[in-house]
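To start, the structure itself, in structure tokens.
The values are calculated or read from the model by the stated rules, or taken from the named source; none is laboratory data. Here the structure is a predicted model, which is why all the values come from computation and not from measurement. Heads up, the Cβs are rebuilt from the backbone with ideal geometry, glycines too, and the neighbour counts pull from every protein chain shown.
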Amino acid sequence: MRPFSLAPLVAGFLLLVAVVAATGGLIAMQRGNVADTRRTVELRSSVLRLFSNLQDAETSQRGYLLTGEDAYLGPFRETEGQISAALNQIAASAEAELGSALPDLRTVVAEKLVELRRTIDLRHSGETEASLAVVRSGEGKRLMDRVRRIIEGLETEIDARLRTRQDSAARTARFLQIAIAAAVLLAVSLAAYALFDAAARNRRIAGAHRELTGAHEALLRASVARERLEDQLRQSQKMEAMGQLTGGLAHDFNNMLAIIMGNLNLLKRRIERGEGRLETYVQQALDGGARAATLTHRLLAFARKQPLSPEAIDCNRLVPGMSEILRRTLGERVRVETVLAGGLWTTRADANQLENALLNLAVNARDAMPEGGHLTIETANAHLDDAYAQAHPGIPAGQYVLIAVSDTGSGMSQEIATRAFDPFFTTKAVGQGTGLGLSQVYGFVRQTGGHVKIYTEAGRGTSVKIYLPRLVGSEAAPAQSGTVGAKIPEGDPREIILVVEDEDGVRRMAVEALRDLSYTVIHATGGTQALRILDENPEISLLFTDVVMPEMSGKELADAARLRRPDLRVLYTTGYTRNAIVHNGVVDADVQLLGKPYTLEQLARKVRQVIAAQAA
């Protein structure tokens, strides 16, 4: 719409508002005129009533003087009160313009009433001649003539004012009619102009729509071309990310496989030669496998997909329990100090993943202090208020348990700090890291429902603060982390476990591990064979089955088994994550699950947990 096309409408609207306002003012004036006219008429009526009452009082006085009968005094007494009320009404209705006429009238009326009472009092006391003498003196007539003259003057003044107000009301009525007619004419004109302008605007809009349609079609063509370019760019970025991922992971996995394969080869040669001292090679192969499993968990943690085993944790017990592993990992040049808060709240998290996150942060701090330094791990109760939650979307306000890992290292620039949690981002040399350490910490903390924040200053050091939600409510006392020096729980030969696994190597490993833990083990390669074994061995205590199998899935096997044995305990194992198999409907959300790869200790503890729950 052209800007100047609004000017006539705005001007006409303002003029219409002015006319309507003027009409309202005229209506108010007309109401005022009507009210003034009514008040003037009432004043005139009051004046005439006053004079009539005064005449009635004089007539009553004359009748009493001539006859002496008290019956003539009744009208006098009535009119006496009416005269006083009439004077008050005239005073209330009169205007200031009446001048001194009203006071004069009040004075003369008062003197007339005094004269009438004096004659009546004389006649009442028996002095008839004296009362008649007062009448014959003409005093009453003179007072009555004065009253008549004053009232005639008031009537003349009131009539003049009444005519003036009637003329003013007539003029106001004419102006009001003119204003209403002008308002109607202006409203019709504005409506006509609005219709004309709307038609013009519709023509302009139709032209603009045609132009816009052409521009939209051109934009669609350009958008298709841009999407093709964006697809090419995304593919290029994807290949770059894959290059970053495969570069670091391939190097790390090659190192780990070299450790495993080399130690196994040395172990094989020593066994063939009948030599002893084999424990070193076994332990180094296990360490290489554990590092490979840790890297896989880092990838899952970055995607927030790793299955967690949350439990109540007292961080004041967990942090000191890591002292030995931290000293062994960080070396002698890094001095480790723990500051534990009194009355620390309990939180709920996966203890192993929390220890892994703290170890990652400690290793990063060590790398930032190549000449040595000071590492501090602190615990505290913290409250994130609404203002902090609004400044950090996705972080709910509330009570948290804080674990802060601070170092005196080189710190980070603001640019590096903002990218620190990005996957595959690392400042280390090629081959020295995959860039998944901090992203694993971030994924674990966010999956736990917490928050992680980096505070750093180049050349001064870094502090990484982990906020874990406070655990509220009655729950069992938090268990101490079992990663350091805990004994592996063993079973009983009377406890029979059925292992179902379609992969031969994995099945043999699981069977040997469980037998080494003193369990009695029966195994099957698929669901049909497993159901037959269940029918033949009703004393089986636990079904340990893979989730994904070609013939019958683990869930289908468990459902069929529970139709035969409703009390049968089931432990699933899979290389997929819990979230993946639950969300895809492979298993229920509350199942017992052991993720692959698992260590002998993890297998022992999980099996013991499931069987103990059955016994309870």
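Results for (1) under 20 Å from Pro370 (Cα atoms); (2) at pLDDT below 80, shown as yes or no for each residue.
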position: Pro393; (1), (2): no, no
position: Ile403; (1), (2): no, no
position: Ser406; (1), (2): yes, no
position: Ser413; (1), (2): yes, yes
position: Pro423; (1), (2): no, yes
position: Thr427; (1), (2): yes, yes
position: Gly435; (1), (2): yes, yes
position: Ser439; (1), (2): no, yes
position: Gly443; (1), (2): no, yes
### Task
Only residues that are in contact (Cβ under 8 Å) with a residue 60 or more places away in the chain and of a type in the set (S, T, N, Q): list them for segment 383-409, please.
Gln399
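Would you check if Thr156 is among the polar types (S, T, N, Q), closer than 30 Å to Leu54 by Cα and in a helix (DSSP H, G or I)?
Values: among the polar types (S, T, N, Q): yes; closer than 30 Å to Leu54 by Cα: yes; in a helix (DSSP H, G or I): yes.
Against the criterion (among the polar types (S, T, N, Q), closer than 30 Å to Leu54 by Cα and in a helix (DSSP H, G or I)), Thr156 qualifies.
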### Summary
How many residues of segment 187-210 are free of Cβ contacts under 8 Å to residues at least 24 places away in the same chain and of a type in the set (Lys, Arg)? The answer is 2
#### Entry: Of the criteria (1) modelled with pLDDT under 85; (2) over 22 Å from Gly409 (Cα atoms); (3) hydroxyl-bearing (Ser, Thr, Tyr), which one Tyr467 fails
(1)
### Query
Taking the condition at negative phi, crowded, with 17+ Cβ neighbours inside 10 Å and among the charged types (D, E, K, R), does Glu371 pass?
no
### Message
Pairs needed: first member in segment 459-475, buried (at least 18 other Cβ atoms within 10 Å of the Cβ); second member anywhere, modelled with pLDDT under 75 and outside any loop (DSSP other than H, G, I, E, B); C-beta distance under 7 Å; at least 6 residues apart or different chains.
### Response
none
### Residue among Thr172, Thr119 that alone is touching a Leu at 6+ places or on another chain (Cβ under 9 Å), under 30 Å from Leu43 (Cα atoms) and surrounded by 15 or more Cβ atoms within 10 Å (Cβ to Cβ)
Thr172
#### Entry: Those residues of segment 493-538 which are polar (S, T, N, Q) and either touching a helix residue (DSSP H, G or I) at 6+ places or on another chain (Cβ under 8 Å) or assigned to a helix (DSSP H, G or I) (or both), in sequence order
Thr525, Thr528, Gln529
### Query
Under the condition of being in contact with an Asp or Glu (Cβ under 8 Å, 6 or more places away or on another chain) and crowded, with 18+ Cβ neighbours inside 10 Å, which residue from segment 374-397 is farthest from Phe444 (Cα to Cα)?
Leu375
### Query
Inside segment 256-370, counting only strands (runs of 3 or more DSSP E) that do not spill past its ends, which hold 2 or more residues that are over 30 Å from Val591 (Cβ atoms) and at pLDDT 80 or above?
334-339
### Message
Looking only at segment 150-169, filter to residues that are surrounded by 12 or more Cβ atoms within 10 Å (Cβ to Cβ) and out of contact with any helix residue (DSSP H, G or I) (no Cβ under 8 Å at 6 or more places or on another chain); which one of those is nearest to Met29 (Cα to Cα)?
### Response
Thr164
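Okay, residues lined up against (1) modelled with pLDDT under 75; (2) exposed (fewer than 13 other Cβ atoms within 10 Å of the Cβ); (3) assigned by TED's automatic domain parsing to the domain that holds Ala101; (4) among the β-branched types (Val, Ile, Thr):
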| position | (1), (2), (3), (4) |
| --- | --- |
| Pro8 | yes, no, yes, no |
| Ala11 | yes, yes, yes, no |
| Val17 | no, yes, yes, yes |
| Ala21 | no, yes, yes, no |
| Gln30 | yes, no, yes, no |
| Val34 | yes, no, yes, yes |
| Arg39 | yes, no, yes, no |
| Glu42 | yes, no, yes, no |
### Selection within segment 539-551 - surrounded by 18 or more Cβ atoms within 10 Å (Cβ to Cβ) and assigned to a loop (DSSP other than H, G, I, E, B)
Ile540, Ser541, Val547, Met549
